[in-house]
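Below is one structure, written out as C-alpha coordinates; comments come after it.
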Amino acid sequence: MDLKLILTDVLKSQVLHSMSSEEIYAMIETPKFSHLGDLAFPCFQLAKHMKKAPPLIAKEVAETLHSSYFSKVEAVGPYVNIKFNSETTGKEIISELLSNGKQFGTHTFGRDKTIVLDMSSPNIAKPFSMGHLRSTVIGNSLATIAEKCGFTSVKINYIGDWGTQFGKLIVAYKKWGDPQKVKENPIGELFTLYKKFHHEAEEDPSLEEEGRKSFKLLEDGDEEITALWKWFKDESLKAFKDIYALLGIEFDSYNGEAFFNDKMEEIVELLQAQQLLETSQGAKVVRIEDENIPPCLIKKSDGATLYATRDLAAALYRQREYSFDEALYVVGHEQTIHFKQVKKVLEKLGYNWAEHMKHIPFGLYLKEGKKMSTRKGRVILLQDVLKEAIDMAEENIKLKNPNLKDAKKVAKDVGVGAIIFHDLKSDRLNDIEFSLENMLTFEGETGPYVQYTYARTQSLLRKAGVSTPFTFDGLDDAASWEVIKQLRLFPEIVEKAWKNYAPSIIAKYLVDTAQSFNSYYGKTKIISQDASLPSRLALVHAVASVLSEGLGLLGMNTPSEM
Ligand code: ARG
(Lines give C-alpha, C1' and ligand atoms only; values in the text may rest on other atoms or scores of the structure.)
Protein backbone atom coordinates (compact mmCIF):
# COMPACT_ATOMS: atom_id res chain seq x y z
CA MET A 1 0.00 0.00 0.00
CA ASP A 2 1.39 3.25 -1.19
CA LEU A 3 0.26 6.48 0.48
CA LYS A 4 0.98 8.43 -2.69
CA LEU A 5 -1.28 6.11 -4.62
CA ILE A 6 -4.13 6.61 -2.17
CA LEU A 7 -3.75 10.38 -2.39
CA THR A 8 -3.53 10.15 -6.19
CA ASP A 9 -6.83 8.25 -6.37
CA VAL A 10 -8.58 10.68 -4.07
CA LEU A 11 -7.23 13.72 -5.94
CA LYS A 12 -8.27 12.27 -9.27
CA SER A 13 -11.75 11.25 -8.28
CA GLN A 14 -12.53 14.39 -6.29
CA VAL A 15 -10.75 17.28 -8.03
CA LEU A 16 -8.36 16.60 -10.87
CA HIS A 17 -10.63 14.50 -13.12
CA SER A 18 -8.92 15.47 -16.33
CA MET A 19 -5.36 14.69 -15.26
CA SER A 20 -3.82 11.24 -15.56
CA SER A 21 -2.95 9.30 -12.43
CA GLU A 22 0.71 9.21 -13.48
CA GLU A 23 0.83 12.99 -13.73
CA ILE A 24 -0.80 13.46 -10.35
CA TYR A 25 1.39 10.84 -8.73
CA ALA A 26 4.53 12.53 -10.04
CA MET A 27 3.50 15.87 -8.55
CA ILE A 28 3.07 14.65 -4.99
CA GLU A 29 5.88 15.54 -2.62
CA THR A 30 7.01 14.59 0.85
CA PRO A 31 7.18 17.67 3.12
CA LYS A 32 10.56 18.54 4.60
CA PHE A 33 9.19 18.47 8.13
CA SER A 34 6.87 15.72 9.20
CA HIS A 35 4.77 17.96 11.47
CA LEU A 36 3.50 19.64 8.27
CA GLY A 37 2.00 16.43 7.02
CA ASP A 38 2.84 13.05 5.53
CA LEU A 39 2.43 14.19 1.95
CA ALA A 40 2.03 17.48 0.16
CA PHE A 41 0.42 18.45 -3.10
CA PRO A 42 1.88 21.61 -4.68
CA CYS A 43 -0.54 23.69 -6.76
CA PHE A 44 1.91 25.71 -8.91
CA GLN A 45 1.45 23.59 -12.01
CA LEU A 46 -2.34 23.96 -11.87
CA ALA A 47 -2.21 27.74 -11.72
CA LYS A 48 -1.70 28.34 -15.43
CA HIS A 49 -4.45 25.99 -16.42
CA MET A 50 -6.98 27.15 -13.85
CA LYS A 51 -5.99 30.81 -14.15
CA LYS A 52 -5.93 31.26 -10.40
CA ALA A 53 -3.20 31.90 -7.85
CA PRO A 54 -1.70 28.71 -6.36
CA PRO A 55 -2.66 29.51 -2.74
CA LEU A 56 -6.27 29.97 -3.79
CA ILE A 57 -6.27 26.65 -5.62
CA ALA A 58 -4.67 24.97 -2.58
CA LYS A 59 -7.45 26.35 -0.39
CA GLU A 60 -10.19 25.05 -2.69
CA VAL A 61 -8.56 21.64 -3.07
CA ALA A 62 -8.13 21.33 0.69
CA GLU A 63 -11.83 22.10 1.22
CA THR A 64 -12.91 19.43 -1.26
CA LEU A 65 -10.63 16.53 -0.39
CA HIS A 66 -11.92 13.98 2.07
CA SER A 67 -11.15 10.34 2.75
CA SER A 68 -11.31 8.03 5.73
CA TYR A 69 -7.56 7.57 5.31
CA PHE A 70 -6.87 11.22 6.08
CA SER A 71 -6.80 12.71 9.53
CA LYS A 72 -6.04 16.26 8.38
CA VAL A 73 -6.07 18.17 5.10
CA GLU A 74 -4.81 21.72 5.20
CA ALA A 75 -3.76 24.44 2.75
CA VAL A 76 -0.46 26.09 3.62
CA GLY A 77 0.42 28.70 1.00
CA PRO A 78 0.50 27.00 -2.40
CA TYR A 79 0.58 23.51 -0.86
CA VAL A 80 -2.12 21.13 0.29
CA ASN A 81 -0.69 19.18 3.21
CA ILE A 82 -2.16 15.84 4.07
CA LYS A 83 -1.84 13.87 7.27
CA PHE A 84 -2.88 10.25 7.22
CA ASN A 85 -4.73 8.46 9.93
CA SER A 86 -1.67 6.72 11.30
CA GLU A 87 -3.44 3.93 13.13
CA THR A 88 -5.55 2.57 10.31
CA THR A 89 -3.10 3.36 7.54
CA GLY A 90 -0.17 2.04 9.53
CA LYS A 91 -2.04 -1.16 10.09
CA GLU A 92 -2.52 -1.68 6.38
CA ILE A 93 1.08 -0.86 5.54
CA ILE A 94 2.65 -3.16 8.10
CA SER A 95 0.21 -5.99 7.47
CA GLU A 96 0.96 -5.83 3.79
CA LEU A 97 4.70 -5.72 4.43
CA LEU A 98 4.59 -8.66 6.81
CA SER A 99 2.44 -10.81 4.59
CA ASN A 100 4.76 -10.18 1.63
CA GLY A 101 7.90 -10.91 3.61
CA LYS A 102 10.95 -10.95 1.36
CA GLN A 103 8.74 -10.15 -1.63
CA PHE A 104 8.02 -6.67 -0.30
CA GLY A 105 9.49 -4.12 -2.70
CA THR A 106 9.58 -6.60 -5.57
CA HIS A 107 8.46 -5.35 -8.98
CA THR A 108 7.30 -7.03 -12.14
CA PHE A 109 8.17 -4.41 -14.75
CA GLY A 110 11.35 -6.28 -15.68
CA ARG A 111 9.61 -9.56 -16.35
CA ASP A 112 10.80 -11.45 -19.45
CA LYS A 113 13.59 -8.96 -20.01
CA THR A 114 17.31 -9.62 -19.78
CA ILE A 115 19.96 -7.25 -18.51
CA VAL A 116 23.57 -8.03 -19.32
CA LEU A 117 26.13 -6.41 -17.04
CA ASP A 118 29.77 -6.01 -18.04
CA MET A 119 31.43 -5.59 -14.68
CA SER A 120 34.58 -6.01 -12.58
CA SER A 121 36.78 -6.97 -15.57
CA PRO A 122 40.25 -6.67 -14.01
CA ASN A 123 43.39 -7.10 -16.09
CA ILE A 124 45.43 -10.22 -15.60
CA ALA A 125 49.00 -9.93 -14.34
CA LYS A 126 48.08 -6.70 -12.61
CA PRO A 127 46.80 -6.08 -9.11
CA PHE A 128 43.06 -5.85 -8.58
CA SER A 129 42.65 -2.11 -8.12
CA MET A 130 40.17 -0.05 -6.15
CA GLY A 131 38.71 1.03 -9.50
CA HIS A 132 37.87 -2.58 -10.27
CA LEU A 133 36.32 -2.79 -6.83
CA ARG A 134 33.91 -0.02 -7.79
CA SER A 135 32.89 -1.78 -10.97
CA THR A 136 32.48 -5.05 -9.06
CA VAL A 137 30.30 -3.80 -6.25
CA ILE A 138 28.24 -1.35 -8.31
CA GLY A 139 27.69 -4.01 -10.99
CA ASN A 140 26.75 -6.65 -8.45
CA SER A 141 24.31 -4.35 -6.71
CA LEU A 142 22.70 -3.29 -9.99
CA ALA A 143 22.30 -6.94 -10.97
CA THR A 144 20.61 -7.73 -7.66
CA ILE A 145 18.34 -4.69 -7.94
CA ALA A 146 17.50 -5.71 -11.52
CA GLU A 147 16.42 -9.15 -10.28
CA LYS A 148 14.26 -7.52 -7.61
CA CYS A 149 12.56 -5.59 -10.44
CA GLY A 150 11.82 -8.83 -12.26
CA PHE A 151 14.64 -8.79 -14.82
CA THR A 152 16.96 -11.68 -15.52
CA SER A 153 20.51 -10.52 -14.98
CA VAL A 154 23.68 -11.85 -16.58
CA LYS A 155 26.91 -10.84 -14.86
CA ILE A 156 29.86 -10.92 -17.19
CA ASN A 157 33.42 -10.57 -16.00
CA TYR A 158 35.16 -9.35 -19.14
CA ILE A 159 38.67 -10.19 -17.98
CA GLY A 160 41.39 -8.03 -19.55
CA ASP A 161 43.53 -10.86 -20.84
CA TRP A 162 44.42 -9.70 -24.33
CA GLY A 163 46.27 -6.81 -25.93
CA THR A 164 49.73 -5.46 -26.69
CA GLN A 165 50.59 -5.27 -22.99
CA PHE A 166 50.78 -9.07 -22.85
CA GLY A 167 53.34 -9.02 -25.64
CA LYS A 168 55.36 -6.63 -23.51
CA LEU A 169 54.95 -8.75 -20.40
CA ILE A 170 56.11 -11.86 -22.23
CA VAL A 171 59.19 -10.04 -23.52
CA ALA A 172 59.93 -8.87 -19.98
CA TYR A 173 59.45 -12.33 -18.54
CA LYS A 174 61.72 -13.92 -21.11
CA LYS A 175 64.43 -11.34 -20.48
CA TRP A 176 64.34 -10.93 -16.73
CA GLY A 177 61.74 -13.32 -15.29
CA ASP A 178 62.35 -15.97 -12.63
CA PRO A 179 59.80 -18.81 -12.76
CA GLN A 180 60.23 -19.55 -9.05
CA LYS A 181 59.43 -15.97 -8.08
CA VAL A 182 56.39 -15.90 -10.34
CA LYS A 183 55.11 -19.09 -8.71
CA GLU A 184 55.47 -17.62 -5.26
CA ASN A 185 53.82 -14.29 -5.93
CA PRO A 186 52.35 -14.29 -9.42
CA ILE A 187 50.60 -10.94 -9.64
CA GLY A 188 53.23 -9.03 -7.68
CA GLU A 189 56.10 -10.46 -9.69
CA LEU A 190 54.46 -10.11 -13.10
CA PHE A 191 53.52 -6.56 -12.29
CA THR A 192 57.12 -5.81 -11.31
CA LEU A 193 58.28 -7.22 -14.64
CA TYR A 194 55.74 -5.11 -16.48
CA LYS A 195 56.91 -1.96 -14.72
CA LYS A 196 60.53 -2.87 -15.47
CA PHE A 197 59.61 -3.19 -19.13
CA HIS A 198 58.31 0.37 -19.23
CA HIS A 199 61.32 1.65 -17.41
CA GLU A 200 63.77 -0.06 -19.75
CA ALA A 201 61.78 0.88 -22.84
CA GLU A 202 62.39 4.53 -22.10
CA GLU A 203 66.10 3.90 -22.75
CA ASP A 204 65.63 1.29 -25.44
CA PRO A 205 62.64 1.90 -27.69
CA SER A 206 63.30 -1.29 -29.67
CA LEU A 207 61.69 -3.15 -26.75
CA GLU A 208 58.32 -1.69 -27.74
CA GLU A 209 58.71 -3.23 -31.16
CA GLU A 210 59.60 -6.58 -29.62
CA GLY A 211 56.52 -6.37 -27.44
CA ARG A 212 54.29 -5.70 -30.44
CA LYS A 213 55.82 -8.65 -32.25
CA SER A 214 55.30 -11.02 -29.41
CA PHE A 215 51.64 -9.98 -29.08
CA LYS A 216 51.23 -10.67 -32.78
CA LEU A 217 52.70 -14.15 -32.16
CA LEU A 218 50.20 -14.62 -29.34
CA GLU A 219 47.34 -13.60 -31.61
CA ASP A 220 48.55 -16.08 -34.18
CA GLY A 221 48.62 -18.86 -31.61
CA ASP A 222 52.37 -19.41 -31.17
CA GLU A 223 52.68 -22.38 -28.81
CA GLU A 224 55.39 -21.26 -26.40
CA ILE A 225 53.98 -17.78 -26.02
CA THR A 226 50.44 -19.04 -25.61
CA ALA A 227 51.57 -21.39 -22.82
CA LEU A 228 53.19 -18.53 -20.92
CA TRP A 229 50.14 -16.35 -21.38
CA LYS A 230 47.89 -19.12 -20.13
CA TRP A 231 50.04 -19.62 -17.05
CA PHE A 232 49.89 -15.90 -16.22
CA LYS A 233 46.16 -15.96 -16.71
CA ASP A 234 45.48 -19.00 -14.53
CA GLU A 235 47.55 -17.59 -11.68
CA SER A 236 45.81 -14.22 -11.92
CA LEU A 237 42.36 -15.74 -11.96
CA LYS A 238 43.12 -17.71 -8.82
CA ALA A 239 43.98 -14.49 -7.01
CA PHE A 240 40.89 -12.69 -8.36
CA LYS A 241 38.63 -15.53 -7.31
CA ASP A 242 39.87 -15.24 -3.72
CA ILE A 243 38.68 -11.63 -3.76
CA TYR A 244 35.30 -12.52 -5.25
CA ALA A 245 34.85 -15.20 -2.60
CA LEU A 246 35.48 -12.62 0.12
CA LEU A 247 33.04 -10.21 -1.48
CA GLY A 248 30.53 -13.02 -1.98
CA ILE A 249 30.15 -12.29 -5.69
CA GLU A 250 29.68 -14.79 -8.48
CA PHE A 251 29.63 -14.31 -12.24
CA ASP A 252 27.63 -15.94 -14.98
CA SER A 253 30.46 -15.66 -17.47
CA TYR A 254 34.21 -15.15 -17.43
CA ASN A 255 34.51 -14.63 -21.18
CA GLY A 256 37.22 -12.03 -21.33
CA GLU A 257 38.89 -10.25 -24.20
CA ALA A 258 40.89 -13.29 -25.35
CA PHE A 259 37.67 -15.25 -25.85
CA PHE A 260 36.96 -12.92 -28.78
CA ASN A 261 40.30 -13.43 -30.51
CA ASP A 262 38.74 -15.68 -33.12
CA LYS A 263 35.50 -13.68 -33.31
CA MET A 264 36.79 -10.34 -34.56
CA GLU A 265 37.21 -11.20 -38.19
CA GLU A 266 33.45 -11.14 -38.69
CA ILE A 267 33.28 -7.54 -37.47
CA VAL A 268 36.19 -6.50 -39.67
CA GLU A 269 34.54 -8.14 -42.68
CA LEU A 270 31.17 -6.54 -41.98
CA LEU A 271 32.83 -3.13 -41.74
CA GLN A 272 34.72 -3.80 -44.94
CA ALA A 273 31.62 -4.95 -46.80
CA GLN A 274 29.73 -1.82 -45.80
CA GLN A 275 32.72 0.30 -46.77
CA LEU A 276 33.05 1.75 -43.34
CA LEU A 277 36.78 1.04 -42.96
CA GLU A 278 39.28 3.71 -43.88
CA THR A 279 43.03 3.54 -43.89
CA SER A 280 44.83 6.08 -41.79
CA GLN A 281 48.62 5.88 -41.46
CA GLY A 282 48.46 2.20 -42.34
CA ALA A 283 45.85 1.47 -39.67
CA LYS A 284 42.20 0.63 -40.27
CA VAL A 285 39.74 3.01 -38.66
CA VAL A 286 36.05 3.84 -38.71
CA ARG A 287 35.44 7.55 -38.95
CA ILE A 288 32.68 8.86 -36.74
CA GLU A 289 30.68 11.89 -37.90
CA ASP A 290 30.65 13.45 -34.45
CA GLU A 291 33.54 15.95 -34.17
CA ASN A 292 33.95 15.21 -30.50
CA ILE A 293 34.65 11.55 -31.05
CA PRO A 294 37.93 10.48 -32.68
CA PRO A 295 37.89 7.69 -35.29
CA CYS A 296 37.58 4.19 -33.84
CA LEU A 297 40.76 2.16 -34.32
CA ILE A 298 39.98 -1.34 -35.61
CA LYS A 299 43.34 -2.72 -36.71
CA LYS A 300 46.88 -1.50 -36.30
CA SER A 301 49.21 -1.28 -39.30
CA ASP A 302 50.71 -4.68 -38.37
CA GLY A 303 47.25 -6.22 -38.39
CA ALA A 304 46.93 -6.50 -34.59
CA THR A 305 43.46 -5.86 -33.19
CA LEU A 306 42.55 -3.38 -30.50
CA TYR A 307 40.46 -2.99 -27.38
CA ALA A 308 37.58 -1.55 -29.44
CA THR A 309 37.71 -4.41 -31.96
CA ARG A 310 37.21 -6.88 -29.13
CA ASP A 311 34.39 -4.88 -27.58
CA LEU A 312 32.60 -4.82 -30.93
CA ALA A 313 32.88 -8.59 -31.28
CA ALA A 314 31.81 -9.04 -27.65
CA ALA A 315 28.70 -6.89 -28.06
CA LEU A 316 27.64 -8.82 -31.14
CA TYR A 317 28.24 -12.12 -29.36
CA ARG A 318 26.24 -11.05 -26.31
CA GLN A 319 23.31 -9.89 -28.37
CA ARG A 320 23.18 -13.31 -30.06
CA GLU A 321 23.81 -15.30 -26.91
CA TYR A 322 21.49 -13.48 -24.50
CA SER A 323 19.31 -11.30 -26.76
CA PHE A 324 19.65 -8.64 -24.11
CA ASP A 325 17.11 -5.88 -23.63
CA GLU A 326 19.78 -3.74 -22.07
CA ALA A 327 23.55 -4.10 -21.86
CA LEU A 328 25.21 -2.14 -19.07
CA TYR A 329 28.93 -1.46 -19.03
CA VAL A 330 29.95 -0.62 -15.49
CA VAL A 331 33.28 1.00 -16.23
CA GLY A 332 35.05 4.15 -15.00
CA HIS A 333 34.23 7.46 -16.67
CA GLU A 334 37.68 7.70 -18.25
CA GLN A 335 36.44 5.21 -20.85
CA THR A 336 33.45 7.28 -21.95
CA ILE A 337 34.82 7.99 -25.42
CA HIS A 338 35.66 4.36 -26.00
CA PHE A 339 32.08 3.28 -25.33
CA LYS A 340 30.71 6.06 -27.50
CA GLN A 341 32.90 4.83 -30.34
CA VAL A 342 31.85 1.21 -29.95
CA LYS A 343 28.18 2.13 -29.87
CA LYS A 344 28.46 4.43 -32.90
CA VAL A 345 30.26 1.79 -34.96
CA LEU A 346 27.54 -0.77 -34.19
CA GLU A 347 24.87 1.77 -35.11
CA LYS A 348 26.65 2.39 -38.41
CA LEU A 349 26.52 -1.33 -39.05
CA GLY A 350 22.76 -1.04 -38.71
CA TYR A 351 22.33 -2.81 -35.37
CA ASN A 352 19.33 -1.21 -33.71
CA TRP A 353 20.01 -2.96 -30.44
CA ALA A 354 23.11 -0.80 -29.99
CA GLU A 355 20.83 1.88 -28.58
CA HIS A 356 20.26 -0.38 -25.58
CA MET A 357 23.95 -0.42 -24.70
CA LYS A 358 24.64 1.91 -21.81
CA HIS A 359 27.88 2.97 -20.28
CA ILE A 360 27.40 3.25 -16.52
CA PRO A 361 30.40 5.36 -15.52
CA PHE A 362 31.68 6.03 -12.05
CA GLY A 363 34.23 8.28 -10.40
CA LEU A 364 37.74 7.42 -9.34
CA TYR A 365 39.29 6.71 -6.03
CA LEU A 366 41.75 9.53 -5.45
CA LYS A 367 44.77 9.56 -3.22
CA GLU A 368 45.50 13.03 -1.90
CA GLY A 369 43.38 14.43 -4.68
CA LYS A 370 45.32 12.62 -7.41
CA LYS A 371 44.43 9.73 -9.65
CA MET A 372 45.88 6.45 -8.49
CA SER A 373 48.09 5.11 -11.19
CA THR A 374 49.36 1.56 -11.46
CA ARG A 375 52.42 2.64 -13.43
CA LYS A 376 53.51 5.31 -11.00
CA GLY A 377 53.02 2.95 -8.09
CA ARG A 378 50.34 5.13 -6.44
CA VAL A 379 48.18 2.11 -6.08
CA ILE A 380 46.30 0.64 -3.18
CA LEU A 381 45.60 -3.04 -3.22
CA LEU A 382 42.10 -4.16 -2.55
CA GLN A 383 43.39 -7.29 -0.88
CA ASP A 384 45.20 -5.21 1.74
CA VAL A 385 42.18 -3.01 2.30
CA LEU A 386 39.87 -5.98 2.77
CA LYS A 387 42.26 -7.63 5.18
CA GLU A 388 42.63 -4.49 7.23
CA ALA A 389 38.88 -3.96 7.40
CA ILE A 390 38.25 -7.51 8.56
CA ASP A 391 41.01 -7.25 11.17
CA MET A 392 39.53 -4.04 12.51
CA ALA A 393 36.09 -5.58 12.72
CA GLU A 394 37.57 -8.49 14.61
CA GLU A 395 39.30 -6.18 17.09
CA ASN A 396 36.03 -4.41 17.61
CA ILE A 397 34.22 -7.65 18.37
CA LYS A 398 36.92 -8.71 20.85
CA LEU A 399 36.41 -5.44 22.65
CA LYS A 400 32.64 -5.22 22.65
CA ASN A 401 31.35 -8.76 22.43
CA PRO A 402 34.15 -11.20 23.29
CA ASN A 403 31.83 -14.20 23.57
CA LEU A 404 30.26 -13.79 20.17
CA LYS A 405 29.71 -17.04 18.32
CA ASP A 406 31.15 -17.24 14.78
CA ALA A 407 33.21 -14.12 15.46
CA LYS A 408 35.35 -14.75 12.37
CA LYS A 409 32.39 -14.92 10.05
CA VAL A 410 30.81 -11.82 11.60
CA ALA A 411 34.10 -9.91 11.30
CA LYS A 412 34.21 -10.80 7.63
CA ASP A 413 30.61 -9.70 7.03
CA VAL A 414 31.16 -6.42 8.84
CA GLY A 415 34.62 -5.59 7.45
CA VAL A 416 33.65 -6.38 3.88
CA GLY A 417 30.29 -4.71 4.40
CA ALA A 418 32.02 -1.52 5.53
CA ILE A 419 33.95 -1.34 2.28
CA ILE A 420 31.00 -2.16 0.04
CA PHE A 421 28.75 0.36 1.75
CA HIS A 422 31.37 3.11 1.73
CA ASP A 423 31.65 2.68 -2.01
CA LEU A 424 27.93 2.44 -2.76
CA LYS A 425 26.69 5.25 -0.54
CA SER A 426 28.44 7.95 -2.54
CA ASP A 427 26.87 9.08 -5.79
CA ARG A 428 28.24 6.91 -8.55
CA LEU A 429 29.79 9.74 -10.53
CA ASN A 430 31.63 11.38 -7.65
CA ASP A 431 35.29 10.73 -7.10
CA ILE A 432 36.00 9.20 -3.71
CA GLU A 433 38.97 10.25 -1.67
CA PHE A 434 40.57 7.06 -0.51
CA SER A 435 40.73 6.93 3.25
CA LEU A 436 40.90 3.70 5.15
CA GLU A 437 39.82 5.57 8.22
CA ASN A 438 36.55 6.79 6.67
CA MET A 439 35.90 3.44 5.19
CA LEU A 440 36.28 1.68 8.48
CA THR A 441 34.32 3.91 10.83
CA PHE A 442 31.57 1.86 12.29
CA GLU A 443 29.47 4.87 13.16
CA GLY A 444 27.49 7.48 11.26
CA GLU A 445 26.43 6.76 7.71
CA THR A 446 28.19 3.45 7.38
CA GLY A 447 27.45 -0.14 6.54
CA PRO A 448 28.29 -1.40 10.03
CA TYR A 449 25.84 1.12 11.49
CA VAL A 450 23.01 -0.32 9.42
CA GLN A 451 24.13 -3.88 10.13
CA TYR A 452 24.27 -3.03 13.81
CA THR A 453 20.71 -1.73 13.69
CA TYR A 454 19.63 -4.99 12.11
CA ALA A 455 21.43 -6.95 14.83
CA ARG A 456 19.56 -4.84 17.40
CA THR A 457 16.21 -5.87 15.91
CA GLN A 458 17.28 -9.50 16.14
CA SER A 459 18.35 -9.17 19.72
CA LEU A 460 14.98 -7.60 20.61
CA LEU A 461 13.13 -10.44 18.95
CA ARG A 462 15.32 -13.01 20.70
CA LYS A 463 14.68 -11.37 24.05
CA ALA A 464 10.95 -11.31 23.48
CA GLY A 465 11.12 -14.96 22.53
CA VAL A 466 8.52 -14.60 19.82
CA SER A 467 8.10 -16.76 16.81
CA THR A 468 6.09 -15.85 13.72
CA PRO A 469 3.38 -14.97 12.75
CA PHE A 470 3.47 -11.37 13.84
CA THR A 471 0.29 -9.36 14.01
CA PHE A 472 0.16 -5.62 13.89
CA ASP A 473 -2.86 -3.89 15.38
CA GLY A 474 -1.74 -0.30 15.07
CA LEU A 475 0.41 1.97 17.23
CA ASP A 476 -0.49 5.53 18.05
CA ASP A 477 2.82 7.23 18.85
CA ALA A 478 4.52 9.67 16.47
CA ALA A 479 7.91 7.88 16.40
CA SER A 480 6.46 4.59 15.23
CA TRP A 481 4.49 6.37 12.51
CA GLU A 482 7.76 7.84 11.20
CA VAL A 483 9.23 4.35 11.02
CA ILE A 484 6.15 3.02 9.23
CA LYS A 485 6.22 5.79 6.63
CA GLN A 486 9.90 5.13 6.06
CA LEU A 487 9.25 1.41 5.54
CA ARG A 488 6.49 1.98 3.02
CA LEU A 489 8.94 3.93 0.82
CA PHE A 490 10.98 0.80 0.14
CA PRO A 491 9.28 -0.35 -3.10
CA GLU A 492 9.56 3.17 -4.52
CA ILE A 493 13.22 3.34 -3.52
CA VAL A 494 14.00 0.06 -5.26
CA GLU A 495 12.39 1.29 -8.46
CA LYS A 496 14.16 4.63 -8.28
CA ALA A 497 17.53 2.99 -7.64
CA TRP A 498 17.06 0.85 -10.73
CA LYS A 499 15.83 3.64 -12.99
CA ASN A 500 18.83 5.79 -12.04
CA TYR A 501 21.29 2.89 -11.89
CA ALA A 502 22.05 4.23 -8.45
CA PRO A 503 22.65 1.85 -5.55
CA SER A 504 23.42 4.97 -3.50
CA ILE A 505 19.67 5.64 -3.32
CA ILE A 506 19.24 2.39 -1.44
CA ALA A 507 22.29 2.99 0.76
CA LYS A 508 20.99 6.40 1.84
CA TYR A 509 17.51 5.03 2.39
CA LEU A 510 18.88 2.33 4.68
CA VAL A 511 20.76 4.87 6.79
CA ASP A 512 17.54 6.90 7.13
CA THR A 513 15.54 3.82 8.02
CA ALA A 514 18.10 2.75 10.62
CA GLN A 515 18.09 6.26 12.09
CA SER A 516 14.34 6.41 12.23
CA PHE A 517 14.17 3.02 13.94
CA ASN A 518 16.92 3.95 16.41
CA SER A 519 15.10 7.10 17.30
CA TYR A 520 11.91 5.08 17.91
CA TYR A 521 13.95 2.65 19.99
CA GLY A 522 15.33 5.54 22.04
CA LYS A 523 11.84 6.85 22.82
CA THR A 524 9.99 3.63 23.44
CA LYS A 525 10.38 0.71 25.73
CA ILE A 526 9.75 -1.97 23.18
CA ILE A 527 9.70 -4.98 25.46
CA SER A 528 7.17 -4.11 28.11
CA GLN A 529 4.18 -6.24 28.87
CA ASP A 530 1.14 -4.33 27.62
CA ALA A 531 -1.48 -4.75 24.93
CA SER A 532 0.68 -3.10 22.25
CA LEU A 533 3.66 -5.43 22.70
CA PRO A 534 2.76 -7.66 19.72
CA SER A 535 2.38 -4.61 17.49
CA ARG A 536 5.73 -3.20 18.55
CA LEU A 537 7.41 -6.52 17.91
CA ALA A 538 5.70 -6.80 14.54
CA LEU A 539 7.11 -3.38 13.68
CA VAL A 540 10.59 -4.49 14.77
CA HIS A 541 10.22 -7.51 12.57
CA ALA A 542 9.13 -5.35 9.62
CA VAL A 543 12.15 -3.08 10.09
CA ALA A 544 14.45 -6.11 10.19
CA SER A 545 12.95 -7.47 7.02
CA VAL A 546 13.44 -4.22 5.06
CA LEU A 547 16.97 -3.67 6.39
CA SER A 548 18.14 -7.13 5.51
CA GLU A 549 16.47 -7.09 2.10
CA GLY A 550 17.96 -3.64 1.41
CA LEU A 551 21.47 -4.58 2.50
CA GLY A 552 21.12 -7.69 0.35
CA LEU A 553 20.47 -5.44 -2.65
CA LEU A 554 23.84 -3.82 -1.99
CA GLY A 555 25.53 -7.20 -1.73
CA MET A 556 25.94 -7.17 2.04
CA ASN A 557 25.27 -9.80 4.67
CA THR A 558 23.34 -9.22 7.87
CA PRO A 559 24.76 -10.97 10.92
CA SER A 560 22.11 -11.40 13.60
CA GLU A 561 24.55 -10.50 16.33
CA MET A 562 27.70 -8.40 16.27
N1 ARG B 1 39.75 -4.41 -18.37
C2 ARG B 1 39.36 -3.05 -18.54
C3 ARG B 1 40.13 -2.15 -17.58
O4 ARG B 1 40.56 -2.60 -16.55
C5 ARG B 1 37.90 -2.83 -18.30
C6 ARG B 1 36.99 -3.54 -19.25
C7 ARG B 1 35.64 -2.90 -19.31
N8 ARG B 1 34.69 -3.57 -20.15
C9 ARG B 1 34.68 -3.51 -21.47
N10 ARG B 1 33.76 -4.18 -22.12
N11 ARG B 1 35.53 -2.78 -22.16
O12 ARG B 1 40.28 -0.98 -17.86
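Considering each of T8, T30 in turn, give the residue that is under 18 Å from F70 (Cβ atoms), at pLDDT 90 or above, β-branched (V, I, T) and touching a strand residue (DSSP E or B) at 6+ places or on another chain (Cβ under 7 Å).
When all the criteria are applied, what remains is T30.
A quick yes/no check of all residues on (1) of a type in the set (A, V, I, L, M); (2) modelled with pLDDT of 90 or more; (3) closer than 25 Å to S95 by Cα:
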position	(1), (2), (3)
K4	no, yes, yes
Q14	no, yes, no
S18	no, yes, no
E23	no, yes, no
D38	no, yes, yes
H49	no, no, no
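Name the strands (runs of 3 or more DSSP E) wholly inside segment 231-327 in which the number of residues that are touching a helix residue (DSSP H, G or I) at 6+ places or on another chain (Cβ under 9 Å) is 2 or more.
Correct list: 283-286, 296-299.
Would you confirm whether or not segment 114-128 contains a residue that is farther than 30 Å from G177 by Cβ, more than 16 Å from the ligand (Cβ to nearest atom), at pLDDT 95 or above and among the hydroxyl-bearing types (S, T, Y)?
Within segment 114-128, one or more residues are farther than 30 Å from G177 by Cβ, more than 16 Å from the ligand (Cβ to nearest atom), at pLDDT 95 or above and among the hydroxyl-bearing types (S, T, Y).
Kindly check whether there is at least one residue in segment 160-168 that is of a type outside the set (K, R), near the ligand (Cβ under 10 Å from one of its atoms) and in contact with a Pro (Cβ under 8 Å, 6 or more places away or on another chain).
yes
Within the bounds of segment 210-217, is there any residue that is of a type in the set (A, V, I, L, M) and over 35 Å from the mean Cα position of the chain (by Cα)?
Yes, that holds for at least one residue.
Which helices (runs of 4 or more DSSP H) does segment 18-81 wholly contain that include 2 or more residues that are within 28 Å of I484 (Cβ to Cβ)?
21-27, 54-64
One line per residue, one yes/no per condition, for (1) surrounded by 20 or more Cβ atoms within 10 Å (Cβ to Cβ); (2) under 16 Å from G90 (Cβ atoms); (3) at pLDDT below 95; (4) touching a strand residue (DSSP E or B) at 6+ places or on another chain (Cβ under 8 Å):
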| residue | (1), (2), (3), (4) |
| --- | --- |
| A497 | yes, no, no, no |
| A502 | yes, no, no, no |
| I505 | yes, no, no, no |
| T513 | yes, yes, no, no |
| S519 | no, no, no, no |
| T524 | no, yes, no, no |
| L539 | yes, yes, no, no |
| V546 | yes, yes, no, no |
| L554 | yes, no, no, no |
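If we only count helices (runs of 4 or more DSSP H) wholly inside segment 115-193, which ones have 2 or more residues that are crowded, with 22+ Cβ neighbours inside 10 Å?
Answer list for segment 115-193: 130-148, 164-176.
Looking only at residues in segment 283-329 that are more than 14 Å from the ligand (Cβ to nearest atom) and under 26 Å from the mean Cα position of the chain (by Cα), which one is farthest from A258 (Cα to Cα)?
Selected residue: D325.
With respect to the numbered conditions (1) closer than 30 Å to A507 by Cα; (2) of a type in the set (A, V, I, L, M, F, W, C); (3) more than 17 Å from the chain's Cα centre (by Cα), which one is the sole condition not fulfilled by A172?
(1)
Could you list, in sequence order, all residues of segment 445-466 that are within 22 Å of the chain's Cα centre (by Cα) and part of a loop (DSSP other than H, G, I, E, B)?
Passing the criteria: E445, T446.
Look through segment 129-152, keep the residues that are more than 14 Å from the ligand (Cβ to nearest atom), small (G, A, S) and in contact (Cβ under 8 Å) with a residue 60 or more places away in the chain, and return whichever of them is farthest from E208 (Cα to Cα).
A146
The values are calculated or read from the model by the stated rules, or taken from the named source; none is laboratory data. Everything quoted here is computed from the prediction, not taken from an experiment. Heads up, the Cβs are rebuilt from the backbone with ideal geometry, glycines too, and the neighbour counts pull from every protein chain shown.
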